[in-house]
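The values are calculated or read from the model by the stated rules, or taken from the named source; none is laboratory data. What you see is a predicted model; the values in this text were computed from it and never measured. Methodologically, a virtual Cβ is constructed for each residue, glycine included, from the backbone with ideal geometry; neighbour enumeration extends over all protein chains shown.
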Amino acid sequence: MKACLESGISQLEAELTKLLNEKKQLPEKVDVSTLEDYNSFKKIDNEGKNLFDFVTASLWNARKDMTDWLLCHYPNENEYVDLFYAITQSHGWIKSEADRVVVRLEPLQQPSRRKAQEQFCKRLNALSAYIPIGKILQIEVGSSPI
């Protein structure tokens, strides 16, 4: 058993030595201009990345603006971003009418948060936002289905 293991180790060490010698014979650097298919390298498309960065920055700026709207209605400055997410992720109901889509959000439990939620919805409604099919979007707070 021991002789078999020693023999296996010797073979692996010989193979390692052979590979290290082959590695020493390789050039340190490769000149890419000598490659046959050098033209196959593609130019990096920065326009897609720039567009992605623009959209990402726009969304972060919009989120920042909307969270700032809550500051004047919610006294706890340390929690207003959490409040924003609580409002935007709350459950509710949707009703589509001929000229508008009404979204009714469930009210938040704490009175100060609920007041800020209502004011936030009023601010959003003041923007008179239209959805792509041409209906106006109305957001409100209420405890019952529409």
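Screening the candidates 16, 51, 35, 71 for the property of being surrounded by 10 or more Cβ atoms within 10 Å (Cβ to Cβ) and at pLDDT below 85 yields one hit, 35.
Note on the range 79-118: among residues that are closer than 21 Å to residue 68 by Cα and not in a helix (DSSP H, G or I), the one that is nearest to the chain's Cα centre (by Cα) is 89. Considering only residues that are in contact (Cβ under 8 Å) with a residue 24 or more places away in the chain and either farther than 15 Å from residue 139 by Cα or surrounded by 15 or more Cβ atoms within 10 Å (Cβ to Cβ) (or both), which ones fall in the range 85-97? Within the range 85-97, 86, 87 meet the criteria.
Filtered by the rule that a residue be under 27 Å from the mean Cα position of the chain (by Cα) and in a loop (DSSP other than H, G, I, E, B), the range 129-146 gives 129, 131, 132, 133.
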